[in-house]
């Protein structure tokens, strides 16, 4: 067994950006281990996507094509990729840690008696082997993992952990791979993806966002934060639990399942900073965190922090902002 | 409809975590434990499906003796009975090892539906459910926001990224991983707590289950993450801290 196989994701005729980050991780393993790198896309009629793939630095590209792969199903993807992995016998299989990968990759790995080392934030060569870094306890701790024994080793990489900009260009041949599939082995029937009601708030373009999390404790405490947002002239947003509780509409949710934002100022109030939230806001120019727990992961991405009780600090901050603005 | 809900016990949210002397894991001695939050939503969904369609809800947990408390709470909320795989060696197993135990303990139950949370708050690998489906040879779907059961099949709403969703239909038996916030969690009633004491808990010793293969991945070291940014911590009374922060926002960040 040798080589690295990266599985890229696409939707609506375009690559998911995280695919290129996974390819960057694959290039890193390839150059550290001196092994060949290949990449695969899965679907039906992938001609249009293969041009972009051929422009990257890799040894070989594969179009895994079948009419039954037109729409994503876990069964279809597992069966098709199982056949490709058996043919190529790679040492590493690298995937972007997307919702789709979370759906099929653990099952694919299990077919090879393996587990998926999921959601990696880093990796490094150490001796003859690699150390893989992932987060535990919602980002409060990091762990170094090893996968010393059998192969292949299945890895998925976290959004933003590897830089798509560092991807090296090149030219590769892309060949077609036709897996054996039959309709009866695909048990689920997917409908077309859809969006709920049109979004009326575009947090993506807001220059100032005041965002609130579990620390606010009760819906009745929200006006305090709304008042601060108003004083700053910003939009109010929230982490997932607040929207799950229906305290704010879903469209104000920031994070992997909500909106991705990059304002000039992101003020995180009572938000611990679970990774699902951080991926939606870590592109912000300036992050301010107010939290009672000095070890909360939000402080890892904060430029300014106040450790303390938000119920004391937020009203004081609102007053101070109003005063500074002369209102 | 017979529904099995796989639940995990994890340290309570906001626990003060300390790394143990070996540096391989956390010090578990002074921690309190609770049900993994996404699993609480899986249990809630199972109870609601039972209320609609009848049948039975069976809670399934693998872990040491302290897991009994989480099982009792599930029974108090309305699960009909429970299966407790008693084991102290969870930390030495990987996902495949744990899923193997879960599969072996429930293979004769012939459940119509198996639910679990989309991921655990401690390891966060998010794959035990999917691997369990593979071992049982049944279809699965992940990150589910809604479940509609018909006879012999279900239709579910999967969450995709960036506010997209998708409906998927599949035959039963099937396994679903449930997203947090799918519905409102119920509290146990006094009556429920009383009844829980008389409900059956089948205890399975891990030693009686087929030996799982050795873990393919191992944790070598656990440590505090390095800061990505230099955070300027602002101290003082709330009033002083607020005034200092506003100065920064005005002159350094320039948003006021």
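The values are calculated or read from the model by the stated rules, or taken from the named source; none is laboratory data. Predicted model, so just to flag it, every value in this text is computed and none were measured. All Cβ positions, even for glycine, are placed from backbone atoms using ideal geometry, and neighbour counts span all protein chains on display.
Looking at A:186, A:269, which one is under 30 Å from residue A:40 (Cα atoms), within 14 Å of chain B (Cβ to nearest Cβ), surrounded by 14 or more Cβ atoms within 10 Å (Cβ to Cβ) and in contact with a helix residue (DSSP H, G or I) (Cβ under 6 Å, 6 or more places away or on another chain)?
Only one candidate qualifies: A:186.
Among the residues in the stretch A:304-315, are any more than 27 Å from the chain's Cα centre (by Cα), away from chain B (no Cβ under 11 Å) and either assigned to a helix (DSSP H, G or I) or over 19 Å from residue B:230 (Cα atoms) (or both)?
No, the stretch A:304-315 contains no residue that is more than 27 Å from the chain's Cα centre (by Cα), away from chain B (no Cβ under 11 Å) and either assigned to a helix (DSSP H, G or I) or over 19 Å from residue B:230 (Cα atoms) (or both).
Go through the stretch B:214-236 and count every residue that is under 39 Å from the mean Cα position of the chain (by Cα) and more than 7 Å from chain A (Cβ to nearest Cβ).
Step one: list which residues in the stretch B:214-236 are under 39 Å from the mean Cα position of the chain (by Cα), which gives B:214-235.
After this cut, where a residue has to be more than 7 Å from chain A (Cβ to nearest Cβ) as well, the list is B:214-215, B:226, B:230, B:235.
Selection size over the stretch B:214-236: 5.
Answer yes or no as to whether residue A:264 is touching a strand residue (DSSP E or B) at 6+ places or on another chain (Cβ under 7 Å), within 9 Å of chain B (Cβ to nearest Cβ) and surrounded by fewer than 22 Cβ atoms within 10 Å (Cβ to Cβ).
Judged against the criteria, residue A:264 is a match.
Can you tell me which of (1) over 30 Å from residue A:313 (Cβ atoms); (2) part of a loop (DSSP other than H, G, I, E, B); (3) modelled with pLDDT under 95; (4) touching a strand residue (DSSP E or B) at 6+ places or on another chain (Cβ under 6 Å) is the one residue B:225 doesn't meet?
Status for residue B:225: all satisfied but (1).
Could you tell me whether any residue of the stretch A:223-234 is surrounded by fewer than 13 Cβ atoms within 10 Å (Cβ to Cβ) and either at pLDDT below 95 or in the same structural domain as residue A:310 (by TED's automatic domain parsing) (or both)?
yes
Identify, please: which residue in the stretch A:141-160 is more than 7 Å from chain B (Cβ to nearest Cβ) and in a strand (DSSP E or B) and is, among those, farthest from residue A:97 (Cα to Cα)?
Selected residue: A:153.
Tally up the residues in the stretch A:110-135 that are assigned to a helix (DSSP H, G or I) and buried (at least 19 other Cβ atoms within 10 Å of the Cβ), please.
Qualifying residue count, the stretch A:110-135: 1.
So, of the residues in the stretch A:209-235 that are part of a loop (DSSP other than H, G, I, E, B) and more than 21 Å from residue B:163 (Cα to Cα), which turns out to be farthest from the other protein chains (Cβ to nearest Cβ)?
Step one: list which residues in the stretch A:209-235 are part of a loop (DSSP other than H, G, I, E, B), which gives A:213, A:217-218, A:233-234.
Next cut, more than 21 Å from residue B:163 (Cα to Cα) only: A:217-218, A:233-234.
Details: A:217: 12, A:218: 15, A:233: 9, A:234: 8 Å.
Within the stretch A:209-235, the match that is farthest from the other protein chains (Cβ to nearest Cβ) is A:218.
For the stretch B:160-174, indicate whether the set of residues that are farther than 18 Å from residue A:115 by Cα and touching a helix residue (DSSP H, G or I) at 6+ places or on another chain (Cβ under 7 Å) is non-empty.
Yes: one or more hits.
Go through (1) under 26 Å from residue B:152 (Cα atoms); (2) surrounded by fewer than 21 Cβ atoms within 10 Å (Cβ to Cβ) for residue B:113 and report which single condition fails.
Single failed check for residue B:113: (2).
Can residue B:10 be described as within 14 Å of chain A (Cβ to nearest Cβ), touching a residue at least 40 places away in the same chain (Cβ under 8 Å) and in a strand (DSSP E or B)?
When the stated conditions are applied, residue B:10 passes them.
Check whether at least one residue in the stretch A:98-109 is farther than 20 Å from residue A:190 by Cα, facing another protein chain (nearest Cβ under 9 Å) and buried (at least 20 other Cβ atoms within 10 Å of the Cβ), and report yes or no.
Scanning the stretch A:98-109 turns up at least one residue that is farther than 20 Å from residue A:190 by Cα, facing another protein chain (nearest Cβ under 9 Å) and buried (at least 20 other Cβ atoms within 10 Å of the Cβ).
Of all residues being in a loop (DSSP other than H, G, I, E, B) and farther than 19 Å from residue B:174 by Cβ in the stretch B:90-118, which is modelled with the highest pLDDT? Just the residue, please.
Per the stated criteria, the residue is B:94.
Can you tell me which residue within the stretch B:120-132, out of those that are at the interface with chain A (Cβ under 7 Å from one of its Cβ atoms) and over 16 Å from residue B:37 (Cα atoms), is surrounded by the fewest Cβ atoms within 10 Å (Cβ to Cβ)?
The residue in question is B:131.
From the list B:88, B:29, exactly one residue is touching a residue at least 12 places away in the same chain (Cβ under 8 Å) and either farther than 30 Å from residue B:190 by Cα or out of contact with any strand residue (DSSP E or B) (no Cβ under 6 Å at 6 or more places or on another chain) (or both). Which is it?
Going through B:88, B:29 in turn, the sole match is B:88.
Would you call residue A:191 within 8 Å of chain B (Cβ to nearest Cβ), buried (at least 17 other Cβ atoms within 10 Å of the Cβ) and out of contact with any helix residue (DSSP H, G or I) (no Cβ under 6 Å at 6 or more places or on another chain)?
No, not satisfied.
Can we say residue A:26 is surrounded by 21 or more Cβ atoms within 10 Å (Cβ to Cβ), over 17 Å from the mean Cα position of the chain (by Cα) and either outside any strand (DSSP E or B) or modelled with pLDDT of 95 or more (or both)?
Numbers: surrounded by 21 or more Cβ atoms within 10 Å (Cβ to Cβ): yes; over 17 Å from the mean Cα position of the chain (by Cα): no; either outside any strand (DSSP E or B) or modelled with pLDDT of 95 or more (or both): yes.
Considered against the rule, which asks whether it is surrounded by 21 or more Cβ atoms within 10 Å (Cβ to Cβ), over 17 Å from the mean Cα position of the chain (by Cα) and either outside any strand (DSSP E or B) or modelled with pLDDT of 95 or more (or both), residue A:26 comes out as no.
Looking for whichever is modelled with pLDDT of 95 or more, assigned by TED's automatic domain parsing to the domain that holds residue A:125 and either part of a loop (DSSP other than H, G, I, E, B) or farther than 29 Å from residue A:126 by Cβ (or both) here; the options are A:76, A:51. Which one fits?
Working: A:51 fails: modelled with pLDDT of 95 or more.
Residue meeting the stated conditions: A:76.
Could you tell me which numbered condition residue A:206 fails, if it satisfies all but one of (1) facing another protein chain (nearest Cβ under 9 Å); (2) surrounded by 15 or more Cβ atoms within 10 Å (Cβ to Cβ)?
(1)
State whether one or more residues within the stretch A:164-182 are buried (at least 18 other Cβ atoms within 10 Å of the Cβ) and within 14 Å of another protein chain (Cβ to nearest Cβ).
Scanning the stretch A:164-182 turns up no residue that is buried (at least 18 other Cβ atoms within 10 Å of the Cβ) and within 14 Å of another protein chain (Cβ to nearest Cβ).
Residue A:138 - would you say it is in a loop (DSSP other than H, G, I, E, B) and within 7 Å of chain B (Cβ to nearest Cβ)?
no
Go through (1) over 17 Å from the mean Cα position of the chain (by Cα); (2) within 14 Å of chain A (Cβ to nearest Cβ); (3) closer than 26 Å to residue B:34 by Cα for residue B:76 and report which single condition fails.
Going through the list (1) over 17 Å from the mean Cα position of the chain (by Cα); (2) within 14 Å of chain A (Cβ to nearest Cβ); (3) closer than 26 Å to residue B:34 by Cα, residue B:76 breaks only (2).
Looking at (1) touching a residue at least 40 places away in the same chain (Cβ under 8 Å); (2) in contact with a strand residue (DSSP E or B) (Cβ under 9 Å, 6 or more places away or on another chain); (3) assigned to a loop (DSSP other than H, G, I, E, B), can you tell me which one residue A:176 breaks?
Of the numbered conditions (1) touching a residue at least 40 places away in the same chain (Cβ under 8 Å); (2) in contact with a strand residue (DSSP E or B) (Cβ under 9 Å, 6 or more places away or on another chain); (3) assigned to a loop (DSSP other than H, G, I, E, B), the odd one out for residue A:176 is (3).
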